[in-house]
1. Residue by residue through B:171-183, how many Cβ atoms from other chains fall within 10 Å of the Cβ on average?
2. Hey, what D do you get for segment B:304-365 in µm²/s if you plug the Kirkwood alpha-carbon radius into Stokes-Einstein at 37 °C and 0.692 mPa s?
3. Per-residue ellipticity at 222 nm for chain B, helices alone: DSSP H runs ≥ 4 residues times -39500 (n - 2.57), over residue total, nearest 500 deg cm²/dmol?
4. Using a 10 Å cut-off on Cβ to Cβ distances, tally the other chain neighbours for every residue of A:425-433 and report the average as a whole number.
5. 7 Å along Cα→Cβ for the label point: how many nanometres lie between residue B:42 and each equivalent label in the other copies, listed shortest first?
6. Mind checking A:71-82 for the average number of partner chain beta-carbons within 10 Å of each residue's beta-carbon?
7. With an 8 Å cut-off on Cα pairs and a minimum separation of 6 or more residues, tell me the relative contact order of chain A in percent.
8. Tell me, what are the semi-axes, in whole angstrom and largest first, of the equivalent ellipsoid of segment B:290-423 as set by the roots of 5 times the Cα gyration tensor eigenvalues?
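Where a number appears in this text, it was derived from the coordinates with a stated rule and is not lab data. Fair warning: this is a prediction, and the values are worked out from it, not measured in the lab. As a convention, Cβ positions derive from the backbone with ideal geometry for all residues, glycine included, and neighbour counts pool all protein chains shown.
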């Protein structure tokens, strides 16, 4: 209950992206980096425990259900090959850490709600209430080809499916009252039959009877996390998300995004502070600003141009690999459906700052489109505090350029400054991820009651 | 390499069913039992480590994708509510144990091959090569209702899907050569593009492009385990399984089953010893035979009649809950498609021994149809050795009536006798599950080559 008690200042939510190869596209090439992208569980665990020692709110596992497609020669320079599938890795971390929140990405487009509800319930038991589900709807079209679909679903259809998926999952987590299981050896009564609730869902995309064959999760439901900045994505977040991830590159647009999302949340009948907006940040820290900038240049130069253009094409939704490296984006931008909001952000940045393709890929590909903050520990702390205090964000996901040293630097040099300013906790005060975020544990049936109330409005 | 070296005697494969509530339907009611069916990970881990200390080949997680359906009052006396989903639990055990094999059940009927191949590959990395996949095709019709299907697939269709599923998974595990990842920081080369293999599968049930975004599993493939005694089930096992689970109640039928399965295996172009037949066993151990029999009666009397008849109905595939408890099975047995082979086994037992319904449910429901061996440590060891030495089985899955004490008894009193006779290992000699079973690590592409050879025959 760190955040909302009347006597304490509002504090930042801080998470760590735990996918070494996802944090910076060339991070693995840094001399100090674990080059194998965290293939060994002991490496991954050491980083997760370091985040826990630093009292971070959570570690986060990104995901895609495919390897990148394209020219093999180009792909062979791209480190985004994962060793561990997120739910299995999260289970391993659940029994190897004690306090930190554990968030995994799972798509609603190529999954079934019974599987997802069951696995997160199981993880919430294994971790004693520390899981969060980052719901995505799959923006990488290649995933379709691993799941027997000839083409990817349209954005609006994906979100319609996502909403029904999420409601089914919530219904399944409410299959049992918290005290349903009486385990009376003498009478042979295992559970109280009045405390079992059969969902019997029949909808547009799913028919699911229930009940779930896992007890109610310790947190009631895992913390609901969501990214996505399309209209449909923001509306879904406004209705259901408790943490919203976003990629924002300047204060003005971050303020506008957060204000808009909290307005939508209020309109959906939920308090503004029931959703926490968390932005991705890649911090490059030096003894001086010049030193930090030199470090940043060193990182960006490690991006192979082939990989840079291929990844930029993927982010933009159209091919730029054959265009001149030191020329601008074309005047006419092909329309794209699945990548619309992301494309718009990148094109705006390029036009505003008149960037060449090389400059553009170095800007957006390294950090996967997230904010880059370059400076001394003091200036980095200042910049993070400024957005937070302006209400542009409620916190950050740290996305160090390489691991483990990139996080150690932040932990040892920036975190103490944030603590001095009262902006981040010094100790955990609760035991569940909901406790860390000052989110109440939902009562059974609350979700369904809210649903009915919303539907009635 | 315990089993097949020329100088050592053939030794038993021994596994432990790690689902406290699945081992005996009333086991949770025993005064010494963990009544909550292993809800706490430390309990489950303690049992898995005990099996590892005893040098067992593997622990095994059963699974169903539903809670039982039926009258709530009856269900509320049935302990088959799981706390943990098998793949997440297996991941937690992977990083908490060192040597023992870890087998989880997953159905091919309500899953996608990309998910399953990826999760088992991830688990095989987390466990350093100790996983096995028990492939089932779902015999419980209620699962369909949790996966948006109005009715269950027919047996033959399920096995056709299973075979294609298994081939796709094997193709995905072969996405990368073992030495594909060169991680050259200087050149920026992450993997050797010639060592990536794209599956491009287009079949009857699945279209899956690949490659898998997980490296080749340490074991090449997880050990392939299968149960199922239908024609389609036995034919699939003969072509692909490395371990076959079976429920057998007398030596003669066990001998016939094993001979038949090994004949089919040979006919499918594989050596007879490339498949190990493992039977379920519930051992009830006493200081004297009378003492053991009293223990058994005590266990069987703990089965509530409502639960007994409901479970018997489920196993038979037709309703017997309204028939007189102390009368026989009806003369005319309704035909069933999904439960055919199981029904036949049970009806034969009832007719042969002229059992009432009460006697029948006490016989088959307690042990879920598996063999029950009741006696002194010596007589139990004799009975287990007799089947093994006759070639009726290659080993056993132990299914103690309750945990943890039920396994401790076997471990402390029967296992030393099997060791004295040279029938079971005293130490692990390898580190992977394949090592324990003396199965070779498959070379990449071997599966596909075998497939082509078989298709050509």
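1. Mean partner shielding for this stretch: 2.
2. On the way: Rh = 11.4 Å.
Translational diffusion coefficient: 289 µm²/s.
3. Details: 17 runs with 177 residues, N = 457.
Result for chain B: -11500 deg cm²/dmol, rounded to the nearest 500.
4. Details: counts 0, 0, 0, 0, 0, 0, 0, 0, 0.
Per residue, the average neighbour count from other chains is 0.
5. Listed shortest first, these distances are 2.6 nm.
6. 5
7. Numbers: 809 pairs, mean separation 106.0, N = 457.
Once divided by the residue count of chain A, the mean separation gives 23 percent.
8. Values: eigenvalues 191, 61, 31 Å².
Taking √(5λ) for each eigenvalue gives 31, 17, 12 Å, largest first.
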